[in-house]
2 protein chains.
Amino acid sequence: MLEWDTHRYLEAHWAIPLYGSLFHTVNIRMAPEQIAYCINHAEDVVLFINEDFLPLIESIQDQLTTVRAYVLMSDKKDFRPETSLPNVYLYEDLLALQSPDYEFPEISENSRATLCYTSGTTGNPKGVVFTHRDLFMHAVSVCMTWGLYPGGMEFRANQVYMPLTPMFHVQAWGVPYFAFMMGCKFILPGRYEPDKILRWLHEEKVNFSHCVTTILHMLVFHPDAEKYDLSNWHVGLGGAKLNRQLAERAWELGILTQSCYGMTETCPAMTLGQLREEHLDLPMEDKISYYIKSGIPWIFSRVKVVDDDFNELPHDGHSVGNVVVRTPWCTHEYFREPEKTRELWKNGWLNTGDVGYIDPEGYLMITDRNKDAIKSGGEWISTLILEDAISQFKPVLECAVIGVPHPRWDERPCACIALKPGETATAEDVRAHLEKFAAEGKIEKWWIPDLPDGYFFVDAIPHNYIGKIEKNVLRQMYAEKHK
Amino acid sequence: MLEWDTHRYLEAHWAIPLYGSLFHTVNIRMAPEQIAYCINHAEDVVLFINEDFLPLIESIQDQLTTVRAYVLMSDKKDFRPETSLPNVYLYEDLLALQSPDYEFPEISENSRATLCYTSGTTGNPKGVVFTHRDLFMHAVSVCMTWGLYPGGMEFRANQVYMPLTPMFHVQAWGVPYFAFMMGCKFILPGRYEPDKILRWLHEEKVNFSHCVTTILHMLVFHPDAEKYDLSNWHVGLGGAKLNRQLAERAWELGILTQSCYGMTETCPAMTLGQLREEHLDLPMEDKISYYIKSGIPWIFSRVKVVDDDFNELPHDGHSVGNVVVRTPWCTHEYFREPEKTRELWKNGWLNTGDVGYIDPEGYLMITDRNKDAIKSGGEWISTLILEDAISQFKPVLECAVIGVPHPRWDERPCACIALKPGETATAEDVRAHLEKFAAEGKIEKWWIPDLPDGYFFVDAIPHNYIGKIEKNVLRQMYAEKHK
C-alpha cells in the first residue's frame, strides 16, 4: 500500500493481515527505483495506491514483476482516474460490493502479518517482518507501559490519539493497533501542516501522539503554539535523541514528552524515558532528566550492553558497549535475507548497532550509532552527549557532531551548527559554552571540539525523510569545505 | 503445597513453575481423603507443608503413593518438628544452602505450570491445569482491564495489594502473578481475622483486593468498619453474585466494588461489572447497577450465550441459554481426564455450566448455575434475580432460592431466608416486598414464591469453604422439613 495516514490505511492495517495476507507498507519517501526494488523483492501481488502516488507507480510499472492488480484510492467522490495501469479496481467500489459481515479465517499467530523496508546507508533496503504475535505482544507492552506506570504517558482506553509518524514507518510505531484496540478516537492529520496540527490538537483535545523530534520542534516553536491549550498532550519522541531544551520548551506549553528509543527491527519499542516510583515527587526539571534518557526497558523487554566478546558490561554509567535486546516482539527475520538475519541475531540477541551504557539506576544511555561513533586516541567520544550540550546554547537552533580524520588522534569531533534566525555566535563562543559543561563534569574536557576546524556553521542541518539527521551528508559537506 | 497465604506461597508460585515443575496448590479445605486423592492423582513427588497441616498429612501418609520427600515450613525460627514422615527437609534450610543466583531453564510457554483441583457436588475432584502461557495471558488481561478502563478498579503499578481469596483457589485469582509483576506491595493477611484485616487495610493504605461476597459482607458490616478509612480500597468480588445492598453498604465506606464473574476453569477471569465510556458521568447509584452485573468480557475474552443446539442467542436482555467462553487463558484440560475435558470443550468453546442472557448493552447476566436453575411450567426462573430482590428487603441478612418439586409446575421456587439479628419478618412480608418488584417490572409475577411453602426461614444460610452458598444442603434441609 502507498498511502497517506488515512482511515483507509488504518482499515488495511487490520484487514489485510487478518485476511491472511502479508501487508507491505511501502515507504513512499524512498526513491522510485528503491520502491520498485521493494515491491519486487516482497513479491507484492496487489498494490493499493493513493491517487497522489499514481504517477509514481505508472512511471515504474514496467519494472514491477509480480503485481497482478492495482486498487486506487482517493478522498474524492466519483473518483474515476485515467491511468495507463492494467487491472485497475477502485477501493470504494470493492468495499461497496461486499457484505459488512465477514468471518476472518483462523490464522497461526506466528504467520507473517506486516512488512516494511528499512533503508540503510549502504546496500538495498531490508524488509522487516512482524508476525501477528509480534504485533500483539508489542501492543500489549505499549498499553501496559504507557498506561500502568504513573508519571508518564498516562495512557487510558478511549483517549484521543493523533499519529505524527507516518503509518508506513513501523506501523506508525504500532500505536494504531493498540489505540484502535483500546477504543481511542483517531485524529488523522493527513499531510503534516503544523498550523492545522496545532489547531486540531487543541480543538479535539488530543491526549497522545508520537513523533520524531523534528516534528515536535516545528510545532512547539511555531509562532501560533502559544495560542492553543496543549496541556492534555503527551508525546512519545523517537528517531533522534530528545534534548533537554526541546523537552523544556514543550513543558512550557504543558506538553509532557518522553523519549522512546527503538528501531524498525524492534517494532519499535525497546526502552522508554520513564520515571521510577521514587522519582514521582521530584520537581519537573529533575523529572525531565529522566524523560529525556534513552530509558529503561518496556515491560517484557530485556536490554543489555555487551563488549565485543559479548560479555555483559556493568551498570556503572560509563562502560560503553554494544546494545543488544530481546523482546517478545522483535522481528525474527529480514524478509528473504537469511544472511542479514543471522547477523542481526548473532549470539541469540538482536544486535541494534547502537552503542551506549547503562547507569546504576538501570537507565540506558545511547551514546552513538555504531557508524557515527567517534574514536579519538583510542577512547570513545559520545556525539549525542556533545550535541545535547551544544543544543543548550541559546543561539543554537540545531547541531550535529561528526568525526573528522585527525593525523594524531585518528578522529576528532566537529560540531556542525545551525543558528536561530537573527542570532550570531562564533566557534569561540560555543567552545566557551562547552567548557562550562566540562567544568561541571558533564562532559570530558578532551571531547570539546578543537579550534578552529572543530566548528562548522551551516544554514540548516540536513534530515532524511523520517527526520533523522544525515551525518553522512554533513561529513561530505565538511570534506568539500576542507578540500 | 499446603500453605496459608504467606511469602513462601508467593515464592513458590513463581519458583516452582519457572523451575519447570508442575505446581499443585492443594486445597486445604477439602476432606483428608479428598486431599489424598488429589495428591495421588496429581502424582505429586515433593510435598511442601506448613506445620499446621503436618498432622493432616501424617494421618494420610500411608495412602500417598507417589510422594518421595516432604518439605516443612513454618514462621518460627529454630523450627525442628517431631514427625513420623520420612525424607523430611526444612524449607528455610534448603533455601539457605542455595546461591541467591539461579538461571531458570528456558521452558516452552505451553508447558504445564499450575494445577488446582475443583470439587464438584458429585464425583472426584477435577484437576485444572494452566500453562505458563495461560497464566501470562491472564495476567496481561487483568492488568489491562483493571488498569486502562476508567471508572473501575483503576489498577496501577506499585499499588498496595491484599489478597483475600486463598492462594490455593485458582492462584488467588491470578492476582499474585500480575501484582508481583507490576511491583505492587503485598500485604499478606495470613489467616483471615476481620478486625486485623480492617486495621491493615487502613494502616497500609491498601488499594485493591479480591474476595468472595461473604468476606466483604463480614468486613463492611463489622462493628469496627466505620473507624477506618477504607476509601482507597477497590475490591473485585466473585464466588457469588454481588448484590446491590452489599455494594451500596461498601460505597458508604468509600469502597468501590466490582463484580467479577468466572470459574476455576477460566483462570478465573471471564466477565467484569465494568463501566462503559458513556456511564462515566452517571451518579454512583446508577454506576452500581453496572458494577454488580456479571458484566462484559475482559479484554481478549469472548463470551456468548447459546441454546441447546449451540445457536447464539440475541443480546436482547431476556433470551436465556448456556454461557460459553473462549479466552487465551482458559484451561486446556482437566488433568488426566480426557473424557471430562472433551465435555468441557464441547463445540470448541468452554462450557461454563452456567445459564444467563446478554442485554442490549452487551452485559452478561448469569441467572443460574445449570444445576441450580428452576424450570417451572416450562419456563426458567432466575434464582439469582429473585435472591437479589429479596436481599433488598431490610430485615433480610441473607437468602437463597432453591427449586422444590411441584405436582403441577414440575418445580416452584422456595426462598430460604436468614434474618438480621433482632429483626422479624413473615412469609407474607417477603411476598409483599416481592410484589412491589413485580409491579415495577423487575421480576415476573409468577416467579414469586407461593404461600406458605415457598418461604423457609433458617438461622443461617450454609456456605462452603470458598463462601459459596450450598444449595444442595438447603434442598436437603427443605426436604427434611417437609418429610
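State yes or no: is A:Y261 crowded, with 18+ Cβ neighbours inside 10 Å, modelled with pLDDT of 95 or more and assigned by TED's automatic domain parsing to the domain that holds A:F208?
No; evaluated as a whole, the condition is false for this residue.
Based on this model, can you work out whether A:G147 counts as among the small types (G, A, S), part of a loop (DSSP other than H, G, I, E, B) and either within 23 Å of A:I288 (Cα to Cα) or open to solvent by 20 Å² or more (accessible area, probe 1.4 Å) (or both)?
No: the conditions fail for A:G147.
If you take the residues in the range A:264-276 that are more than 14 Å from every other protein chain (Cβ to nearest Cβ) and assigned to a loop (DSSP other than H, G, I, E, B), which one is surrounded by the fewest Cβ atoms within 10 Å (Cβ to Cβ)?
A:P268
Taking the range B:277-311, which residues are crowded, with 16+ Cβ neighbours inside 10 Å, part of a loop (DSSP other than H, G, I, E, B), within 14 Å of chain A (Cβ to nearest Cβ) and of a type outside the set (S, T, Y)?
Correct list: B:W298, B:I299, B:F300.
Every residue, every condition in (1) in the same structural domain as B:N472 (by TED's automatic domain parsing); (2) β-branched (V, I, T), yes or no:
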{"residue": "B:G321", "(1), (2)": "no, no"}
{"residue": "B:Y334", "(1), (2)": "no, no"}
{"residue": "B:E337", "(1), (2)": "no, no"}
{"residue": "B:G348", "(1), (2)": "no, no"}
{"residue": "B:G356", "(1), (2)": "no, no"}
{"residue": "B:W380", "(1), (2)": "yes, no"}
{"residue": "B:I385", "(1), (2)": "yes, yes"}
{"residue": "B:L397", "(1), (2)": "yes, no"}
{"residue": "B:V404", "(1), (2)": "yes, yes"}
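Give me the pairs, please: first residue somewhere in the range A:134-153 and charged (D, E, K, R), second residue anywhere and open to solvent by 10 Å² or more (accessible area, probe 1.4 Å), beta-carbon distance under 8 Å, and either six or more positions apart or on two chains.
Listed by first residue and then by second, the contacts come to A:D134/A:P328; A:D134/A:H332.
I'd like the residue in the range B:14-38 that is touching a helix residue (DSSP H, G or I) at 6+ places or on another chain (Cβ under 7 Å) and without any contact (Cβ under 8 Å) to a residue 40 or more places away in the chain and, out of all such residues, is nearest to B:M182 (Cα to Cα).
Within the range B:14-38, the match that is nearest to B:M182 (Cα to Cα) is B:I35.
Please go through the range A:151-169 and give me each residue that is facing another protein chain (nearest Cβ under 9 Å) and either within 26 Å of A:R112 (Cβ to Cβ) or at pLDDT 95 or above (or both), ordered by number.
Residues satisfying the conditions are A:F155, A:R156, A:A157.
I'm told B:F136 meets every condition in (1) within 21 Å of the chain's Cα centre (by Cα); (2) away from chain A (no Cβ under 14 Å); (3) open to solvent by 10 Å² or more (accessible area, probe 1.4 Å) except one. Can you identify the failing condition by its number?
Answer for B:F136: the failing condition is (2).
Got at least one residue in the range B:105-126 being among the small types (G, A, S), within 12 Å of another protein chain (Cβ to nearest Cβ), open to solvent by less than 60 Å² (accessible area, probe 1.4 Å) and within 23 Å of the chain's Cα centre (by Cα)?
no
Residues in the range A:361-381: is at least one within 17 Å of the chain's Cα centre (by Cα), open to solvent by less than 40 Å² (accessible area, probe 1.4 Å) and free of Cβ contacts under 8 Å to residues at least 60 places away in the same chain?
Yes: one or more hits.
Working only within the range B:418-427, note down all residues that are closer than 18 Å to B:I469 by Cα and either over 23 Å from the mean Cα position of the chain (by Cα) or open to solvent by 20 Å² or more (accessible area, probe 1.4 Å) (or both).
B:L419, B:K420
Filter the range B:54-85 down to the residues that are in a loop (DSSP other than H, G, I, E, B), of a type outside the set (S, T, Y) and surrounded by fewer than 17 Cβ atoms within 10 Å (Cβ to Cβ) and list them by number.
B:R68, B:D75, B:K76, B:K77, B:D78, B:F79, B:R80, B:P81, B:E82
Quick one: in the range B:179-230, which of the residues that are charged (D, E, K, R) and outside any helix (DSSP H, G or I) is nearest to the other protein chains (Cβ to nearest Cβ)?
Checking each candidate, the answer is B:K185.
Quick one: in the range A:150-182, which of the residues that are open to solvent by 10 Å² or more (accessible area, probe 1.4 Å) and under 23 Å from A:E106 (Cα atoms) is farthest from the chain's Cα centre (by Cα)?
So, considering only residues that are open to solvent by 10 Å² or more (accessible area, probe 1.4 Å) and under 23 Å from A:E106 (Cα atoms), the one farthest from the chain's Cα centre (by Cα) is A:M181.
Specify which of the listed residues (B:H318, B:H332) is at pLDDT below 95 and either open to solvent by 40 Å² or more (accessible area, probe 1.4 Å) or part of a helix (DSSP H, G or I) (or both).
B:H318
Would you mind finding the one in A:A438, A:A415 that is open to solvent by less than 50 Å² (accessible area, probe 1.4 Å) and free of Cβ contacts under 8 Å to residues at least 12 places away in the same chain?
A:A438
Looking at this structure, is A:V220 modelled with pLDDT of 90 or more and either of a type in the set (F, W, Y) or surrounded by 21 or more Cβ atoms within 10 Å (Cβ to Cβ) (or both)?
Answer is yes for this residue.
Taking the criterion of being touching a Cys at 6+ places or on another chain (Cβ under 9 Å), of a type outside the set (S, T, N, Q), at pLDDT 95 or above and farther than 25 Å from A:Y192 by Cα, would at least one residue in the range A:50-70 satisfy it?
No, because not a single residue in the range A:50-70 is touching a Cys at 6+ places or on another chain (Cβ under 9 Å), of a type outside the set (S, T, N, Q), at pLDDT 95 or above and farther than 25 Å from A:Y192 by Cα.
Does the range A:86-104 hold any residues that are closer than 22 Å to A:E43 by Cβ and open to solvent by less than 100 Å² (accessible area, probe 1.4 Å), and which are they?
Listed by number, the residues that qualify are A:P86, A:N87, A:V88, A:Y91, A:L94.
Which count do you get for residues in the range B:16-35 that are part of a helix (DSSP H, G or I) and surrounded by fewer than 15 Cβ atoms within 10 Å (Cβ to Cβ)?
Of the residues in that region, 3 qualify.
The values are calculated or read from the model by the stated rules, or taken from the named source; none is laboratory data. Everything quoted here is computed from the prediction, not taken from an experiment. Every residue, glycine among them, receives a Cβ derived from its backbone with ideal geometry; neighbour counts consider all protein chains shown. Side chains included, ligands, DNA and RNA excluded: accessible areas come from the protein's heavy atoms. Shrake-Rupley method; radii C 1.70, N 1.55, O 1.52, S 1.80 Å.
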